[in-house]
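The values are calculated or read from the model by the stated rules, or taken from the named source; none is laboratory data. Values in this document were obtained by computation on a predicted structure and should not be read as measured data. Neighbour counts are summed over all protein chains in view; Cβ atoms, including those assigned to glycine, are modelled from backbone coordinates with ideal geometry. The accessibility values were calculated without ligands, DNA or RNA, using every heavy atom of the protein model including side chains. Shrake-Rupley method; radii C 1.70, N 1.55, O 1.52, S 1.80 Å.
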Amino acid sequence: MITIREMNEHDYERKGYIHYRSWLETYNGLMDSGYLEKHSLERCINIARKYPENTLVAEYNQEVVGFAAYNKSNGSEDNRGEVSALYVLKDYQKLGIGKALMDECIKRLASYEYVSVWVLHNNIQAISWYENYGFTKDGKAKSVSVMDNYNLDELRMSLIVNKPAKE
């Protein structure tokens, strides 16, 4: 059984572990190994403690196995919410947990016209998953400098969630 709920202080270490483990499972071969090596469990737990707001966790059979974070889109030129993180441990993927997390994020962002996600440009599996959910590539891209001489190239995908009424 899948349960989606707000993250609480008892979840920080588990959310941090999921963040850490999911990066290793997902991004190996998709980003520079030097950057991945800087990604530590301690850093991920600290992120969970520092930014607990607007974070959901997914329980499967009463074990936290995934999380998602959402908010108003930063620097967006339009009425846009954003899902800034969505991770499910590899052993629990393809069970509907990611969809349940996204459904709850969309529900909480329903006042926005659009919801967007930023995805590594070469993460074909994630791009395909978001497309199957209903997101489309909207032409926006960015390159985020994360290390000396290393950038993460991301593309934005968008979903219309609240069409404005025609005048």
*All positions within the range 52-82 that are hydroxyl-bearing (Ser, Thr, Tyr) and within 23 Å of Tyr114 (Cα to Cα)*: Thr55, Tyr70, Ser73, Ser76
*Within the range 129-162, restricting attention to residues that are part of a strand (DSSP E or B) and small (Gly, Ala, Ser), which residue is surrounded by the most Cβ atoms within 10 Å (Cβ to Cβ)?*
Ser158
*How many residues does the range 8-27 contain that are open to solvent by 20 Å² or more (accessible area, probe 1.4 Å) and over 19 Å from Val144 (Cβ atoms)?*
11
*Identify, please: which residue in the range 96-128 is assigned to a strand (DSSP E or B) and aliphatic (A, V, I, L, M) and is, among those, farthest from Gly29 (Cα to Cα)?*
Val115
*Residue check: is Leu101 open to solvent by less than 40 Å² (accessible area, probe 1.4 Å), modelled with pLDDT under 95 and under 16 Å from the mean Cα position of the chain (by Cα)?*
no
_helices (runs of 4 or more DSSP H) fully within the range 1-90 counting 1 or more residues that are hydrophobic (A, V, I, L, M, F, W, C) and in contact with a Lys or Arg (Cβ under 8 Å, 6 or more places away or on another chain)_ = 41-50
*Based on what the data block shows, is Glu37 at pLDDT below 95 and open to solvent by 20 Å² or more (accessible area, probe 1.4 Å)?*
yes
*Please go through the range 69-98 and pick out each residue that is touching a helix residue (DSSP H, G or I) at 6+ places or on another chain (Cβ under 7 Å) and basic (Lys, Arg).*
Lys90
*Residues of the range 75-89 that turn out to be more than 18 Å from Leu120 (Cα to Cα) and open to solvent by 40 Å² or more (accessible area, probe 1.4 Å), as a count*: 4
